[in-house]
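Peer 1: Here you go, one structure.
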Protein chains: 2
Amino acid sequence: MNRLLLATLALAIALGIGGQAIAETSALPSWNDGAARSAVIDFVARVTTKGSPDYVAPAERIATFDNDGTLWAEQPMYVQLAFALDRVRALAPLHPEWEQKQPFKAALEGDLSTVIAGGEHALLELVMASHAGMTTEEFERIVQDWIATARHPKTARRYTEMVYQPMLELVAYLQANDFKTFIASGGGIEFMRPWTERIYGIPPEQVIGSSIKTEYELRDGKPVLVRLPEIDFIDDKAGKPVGINRHIGRRPVAAFGNSDGDLQMLQWVAAGGSQSFCLYVHHTDAEREWAYDRKSSIGRLDKGLDEAKARGWTVVDMKQDWRAIFPSD
Amino acid sequence: MNRLLLATLALAIALGIGGQAIAETSALPSWNDGAARSAVIDFVARVTTKGSPDYVAPAERIATFDNDGTLWAEQPMYVQLAFALDRVRALAPLHPEWEQKQPFKAALEGDLSTVIAGGEHALLELVMASHAGMTTEEFERIVQDWIATARHPKTARRYTEMVYQPMLELVAYLQANDFKTFIASGGGIEFMRPWTERIYGIPPEQVIGSSIKTEYELRDGKPVLVRLPEIDFIDDKAGKPVGINRHIGRRPVAAFGNSDGDLQMLQWVAAGGSQSFCLYVHHTDAEREWAYDRKSSIGRLDKGLDEAKARGWTVVDMKQDWRAIFPSD
């Protein structure tokens with residue numbers, strides 16, 4: 001945000017022009033009028049209006065967003081898996097043994113179904129081979145180079161162009177209302193941090209994710225952090241409230257997800273009572289994006305959909321509720 | 001910060017009135033004029049002045065502070081050890097076996113030297129017995145109740161009154177210059193978070209520390225995080241850069257410590273080059289506080305002192321450089 005804009009905003013706040021007043025007319029332009037948009041705007045008004053029984057002080061306005069399928073597309077495979085496969089291909093000349101060894105053989109042949117049939121263990125092997133063994137700075141550069149050039153297999157767009165425009169608006173809207181916005185993703189924390197600030201306006205220190213261990217080392221007198229082939233933390237399902245507590249140390253008042261992997265995060269936030277807000281993005285638009293839910297192996301939304309209905313959480317129907325999906329729409 | 005002040009500040013920034021102009025006259029009032037105070041003010045001017053070769057954008061102005069011995073007193077024992085001993089005493093009626101079992105027997109008898117002679121293992125046993133087995137919310141209440149009432153064995157003051165006034169001013173000074181201030185302490189993360197915002201102005205999400213594992217659980221349908229008797233992470237020595245990277249994801253430009261336990265954090269920050277600033281607090285004031293360094297079992301500063309001298313890091317001589325030690329002085 002430039003300084004003059006900041007000053008103008010701050011002055012507007014000081015003069016008592018509340019965020020809601022601005023918000024109700026112009027906020028969330030890519031959201032169609034409807035229950036989902038109203039629920040978001042009502043929630044923000046409720047927790048930001050002084051004197052409201054649900055008023056939340058700015059310091060406690062924490063919102064957590066899942067990433068894959070919530071902020072950007074996750075079909076036909078998680079972006080990080082595409083990255084891992086590309087890395088395995090790039091590293092293959094150094095590993096001739098991979099030509100005969102699964103899951104590397106399948107990865108090199110582009111045989112995704114064999115990779116996936118290998119289950120969690122196969123994926124873990126690919127991740128360790130492609131994500132560990134270098135310093136944190138080296139890995140950051142690898143991610144930056146890849147994300148700047150890699151293209152989605154179906155749309156041929158850069159992955160960072162396949163973020164959801166309505167969600168970008170939602171993040172900005174919450175920030176304009178003094179929310180601190182965090183990502184809480186099952187994806188790798190160091191895979192997201194190099195680009196989340198530029199793309200989402202969410203700085204690295206507000207990114208929570210899965211991680212591998214790192215070790216401090218002096219190399220020729222220069223300190224480095226070396227990435228080890230050992231899982232540190234899986235920020236998914238019941239791990240999400242754990243990761244959120246570890247990083248933030250207080251309960252968010254709003255949480256946004258799209259799959260059963262986000263259910264515990266939403267439960268944890270919902271336990272905050274009437275000040276809390278939970279929202280599921282439901283992928284219903286086969287034409288502009290993808291339609292999937294209860295039976296999908298990626299981003300399955302089954303138990304979560306039932307619980308959302310039972311508890312009155314907001315469910316975004318992408319086809320109905322979003323005027324645009326991607327920034328280019 | 002109230003809204004009018006925020007607006008005024010934002011306007012001042014927009015009009016190009018830099019933080020330094022305000023700072024140089026009134027900043028750090030409890031610091032005597034001298035090399036340490038000048039080094040801090042010069043550093044802040046260097047990284048906040050646009051056009052300076054060492055200019056750092058506000059988003060990257062990250063500062064990390066050790067806690068024990070850097071922000072508050074750590075003698076004659078770490079505050080958290082006093083807390084653990086009090087908890088063991090409070091829980092003793094539920095554990096008759098402790099009367100015969102070390103290190104609990106020594107803890108209950110106030111025999112600190114036997115506890116300490118038991119080494120790391122004994123301390124770990126006390127911590128696990130006193131810090132695990134409850135939910136995160138229950139533990140937060142226990143800490144809040146204790147910190148509100150417990151008194152320092154020598155001064156009979158509350159521990160939160162034994163924070164260093166010059167360091168409170170330093171934290172505020174950095175914040176006023178758009179630094180994001182973090183704690184990176186060997187102490188328990190959940191032991192600090194309940195009071196750091198009130199005492200230091202550092203919110204829970206900017207506190208990094210040692211931790212035990214937690215587990216998500218539904219109790220009568222209500223989600224809780226249960227604290228397990230299992231170490232998750234030790235945020236000390238080579239663990240500090242690891243913890244900082246895990247939580248922040250970028251290298252701080254300034255780091256403040258007081259012991260060899262902070263050395264790797266300072267090395268990690270110093271590797272950022274001419275934009276970086278490293279400072280050690282040297283406990284030299286036996287009258288107003290305590291004097292200890294190379295041979296102390298608590299807060300030993302030995303290798304760090306040598307490295308600080310060799311590399312030109314700023315070393316605060318508490319006796320010479322600080323006009324006041326505690327807020328009440």
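The values are calculated or read from the model by the stated rules, or taken from the named source; none is laboratory data. Keep in mind it's a predicted model, so treat the numbers as computed, not measured. Cβ placement follows ideal geometry from the backbone for every residue including glycine, while neighbour counts extend to all protein chains displayed. Protein only, heavy atoms only, side chains kept; ligands, DNA and RNA dropped before computing areas. Shrake-Rupley method; radii C 1.70, N 1.55, O 1.52, S 1.80 Å.
Peer 1: Give me the lysines in straight-line cross-link reach of A:LYS154: C-alpha distance below 19 Å, same-chain residues under 8 apart excluded.
Peer 2: none
Peer 1: Sticking with this structure for a sec: Quick one: Cα centre-to-centre distance for the stretch B:72-133 and the stretch B:247-311, in angstrom?
Peer 2: Each part's Cα centre sits 28 Å from the other's.
Peer 1: Select from A:TYR164, A:ILE298, A:TYR78 the residue farthest towards the positive end of the dipole of chain A; place +1 on Cβ of Lys and Arg, -1 on Cβ of Asp and Glu, and compute about the Cα centre.
Peer 2: A:TYR164
Peer 1: Taking the DSSP beta bridges in the protein assembly as shown as the whole, what percent of them are antiparallel, to the nearest 5?
Peer 2: 40 percent
Peer 1: Compute the Rg to Rh ratio over the stretch B:160-203 from the alpha carbon atoms, using the Kirkwood formula for Rh, and round to two decimal places.
Peer 2: 0.95
Peer 1: Moving on to the next point. Suppose we compare each residue of the stretch A:179-224 in its chain alone and in the full protein complex with a 1.4 Å probe; which ones drop by at least 30 Å² of accessible area?
Peer 2: In the stretch A:179-224, residues shielded by partner chains: A:LYS180, A:ARG193, A:GLU197, A:PRO204, A:GLU205, A:THR214, A:TYR216, A:PRO223.
Peer 1: Around A:PRO96, under 14 Å between beta carbons, what's the net of Lys plus Arg minus Asp minus Glu among the other residues?
Peer 2: Residues close to A:PRO96 contribute a combined charge of +1.
Peer 1: Right, something else. Too long at a 19 Å Cα-Cα cut-off: which of B:LYS180/B:LYS213; B:LYS101/B:LYS295; B:LYS240/B:LYS295; A:LYS222/B:LYS237; A:LYS237/B:LYS213?
Peer 2: B:LYS180/B:LYS213; B:LYS101/B:LYS295; B:LYS240/B:LYS295
Peer 1: Looking only at A:MET134, A:MET265, A:MET192, which one moves most when chain A is put into a Gaussian network model with springs between Cα atoms under 10 Å?
Peer 2: A:MET134
Peer 1: Now a separate question. If I build a Gaussian network model for chain A, linking alpha-carbon pairs within less than 10 angstrom, which residue out of A:GLY273, A:GLY304, A:GLY186 has the largest mean-square fluctuation?
Peer 2: Evaluated over chain A, the most mobile residue of the options is A:GLY273.
Peer 1: Also, quick follow-up: If you plug each phi of the stretch B:222-238 into the Karplus form 6.51 cos²θ - 1.76 cosθ + 1.60 with θ = phi - 60°, what whole-Hz ³J(HN,Hα) values come out, in order, with x for Gly and Pro?
Peer 2: 9, x, 9, 10, 9, 7, 9, x, 8, 5, 9, 7, 10, 8, 9, 6, 5
Peer 1: Find the Rg to Rh ratio for the protein assembly as shown, where Rh is the Kirkwood radius over alpha-carbon pairs and Rg uses the same atoms.
Peer 2: With Rh from the inverse mean 1/r over Cα pairs, Rg/Rh is 0.97.
Peer 1: Once the Cα atoms of helix B:119-131 and of chain B are each reduced to a long axis, what angle between those two axes, in degrees from 0 to 90 to the nearest 10, is obtained?
Peer 2: 80 degrees
Peer 1: Among DSSP beta bridges whose residues both lie in chain A, state the antiparallel percentage, nearest 5.
Peer 2: For chain A, the DSSP antiparallel bridge percentage is about 40.
Peer 1: So what is the 222 nm mean residue ellipticity for chain B from helices alone, if each DSSP H run of at least 4 adds -39500 (n - 2.57) and you divide by all residues, rounding to the nearest 500 deg cm²/dmol?
Peer 2: -12500 deg cm²/dmol
Peer 1: Using only the alpha-carbon atoms, how far is helix A:189-200 inclined from the longest principal axis of chain A? Give it as 0 to 90 degrees, nearest 10.
Peer 2: 40 degrees
Peer 1: Relative to the longest principal axis of chain A, what angle (0 to 90°, nearest 10) does the C-alpha long axis of helix A:79-91 take?
Peer 2: 20 degrees
Peer 1: Another question, if that's okay. Can you give me the Cα centroid spacing of the stretch A:193-215 and the stretch B:223-242 in angstrom?
Peer 2: If we compute the Cα centre of each part, the gap is 20 Å.
Peer 1: Output the direction-averaged projected area (hull surface divided by four) of the convex hull of the alpha-carbon atoms of chain A, in nm².
Peer 2: 18.5 nm²
Peer 1: Between A:ILE212 and residues 5 or more places away or on another chain, which pairs have amide H atoms under 5 Å apart, with H built 1.01 Å from N, and which residues are they?
Peer 2: When sequence neighbours closer than 5 places are left aside, the close amide H contacts are A:ASP232.
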